[in-house]
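All remarks here apply to the structure that follows.
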Amino acid sequence: MEPAARDKDSKLYVRVALRCTLIVGSIVFVIFLVPRLVSLFFPFLVALAVAAIANPIVVRLNQNLKIPRRLLAILIDLLVFVLISSVIVFLFYAVISQVISLATTIETNWGAVFDSFESFDDAFVWLESVLPAPLAELLPHMQDNIVSSIKTASKDILNHVFTTITMLTSKAGSFFAGYIISIMAVYFVVSDYDSIRERAGRIAGPKATGTISMLTNAATTAAGGYIRAQFVLATCATMFMLVAFLAYRQPYALLLALALGVVDLLPIVGTIAVLAPWGIIEFVWGDVNKGVFLLLIGIAYTVLRKFIEPKVMGAQMGLHPLVALMSLFVGLKISGIWGAVLGPMALMLAISIFKSGLFDNTIADFKAVADDVSGIFS
């Protein structure tokens, strides 16, 4: 091999080694350091996000109506403060009122609770009369297990409630401190958004600024596609449940369908987590038809969702349904439920980055190394 070719190959392998080191370092940085940095600078990241959303409106009002930018920043800050404070007050009021209502209802209907347990025992007597003898012999043991499970679950729920209340109380101070800092940061960032952006661009340089802008656009596109897909799936769940409940003549069909549609938005829960326990309770308490109906619609929609989810995700995020299905499965295997949630978003972000040409030189170097290795064995 000539010296020039040898020198060229050595530079190629040095570049590949450096690129591999950078890739591994970036992965470690994203996994271990980014979550910590986000928690440290969360109020200021919120302020940047609000400023980025509000800046086009601020610029237009400043140019057309000649309203000073700092006055607009104050107005936007007040608007954000009022909106977030209203949501917090509403949630706090809703939780407190629901807790008081629940406590009052339990106190008022305490006798009905014992009647429910008696009807629970009657349900097992009814089951014992209709089941074959071998299965009927298992009912007392099953009843003891169910009662024990109810006691254990009640104790766990109470412990979890007290633990959650203690945790929320201990973190209330830091939450409100972060909230006030976020409101203050929104004012400063909105009022000086253009100068902050220009200064950051000068420090980072044009190439890094372009890369950051491309990554931001790709992440925004991926997140927007995922959110649209989830709302489409939640709408499908609402319509499916509404039709099923109306056909069964279930009271409050629309309200229940809307509630299950909201539940379907939650990545860990899903409609089956609500319908299955509800159906089992109805079955045990003697309403076999309703219990079977609830279990059937829960299973039917779960199966239907598994079929339509890849197609909806692909259509909203610009992925082929098979690719979307693969990203869901791989994410589920890597990180469980949250991996299935973030898998399609991460894949779309990676595709957007590759399409931007950011890794063209890296891919070319890896191809050159692959050609060298294949030449050794040819």
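Some observations on this one:
- According to the Kirkwood relation over distinct C-alpha pairs, the hydrodynamic radius of region 188-246 is 14.8 Å.
- Cα centroid separation, region 324-364 to region 204-234 (Å): 13 Å
- Note on Asp371, Asp192: ascending count of other Cβ atoms within 10 Å places them as Asp371, Asp192, the fewest first.
- Charges were assigned to the Cβ only: +1 to each Lys and Arg, -1 to each Asp and Glu. The resulting dipole of region 205-371 about its Cα centre is roughly 160 debye.
- If you sort the three axes of the alpha carbon gyration tensor as a ≥ b ≥ c, you get a/c of 1.5 or more for region 219-284 and a/b no higher than b/c, which makes it oblate.
- P(r) for region 205-371, from all Cα pairs and a bin width of 10 Å, is 10, 30, 26, 18, 9, 5, 2, 0 %, short bins first.
- Modelled this way, with points 7 Å down the Cα-to-C-beta line, the labels at Thr221 and Arg36 are 3.3 nm from one another.
- Ranking of Leu79, Leu33, Leu294 by neighbouring Cβ atoms within 10 Å, starting from the fewest: Leu33, Leu79, Leu294.
- Residues Thr238, Thr362 arranged by fewest to most Cβ contacts within 10 Å: Thr362, Thr238
- Entries in Lys333/Lys367; Lys311/Lys367; Lys207/Lys333; Lys171/Lys333; Lys306/Lys333 that, when Cα-Cα distance is taken, lie over 25 Å: Lys333/Lys367; Lys311/Lys367; Lys207/Lys333; Lys171/Lys333
Read the figures in this text as sums done on the coordinates, not as results from a lab. Please read these numbers as outputs of a predicted model, since none were measured by experiment. A quick note on method: Cβ atoms are made from the backbone with ideal geometry, for glycine too, and the neighbour counts reach across all protein chains shown.
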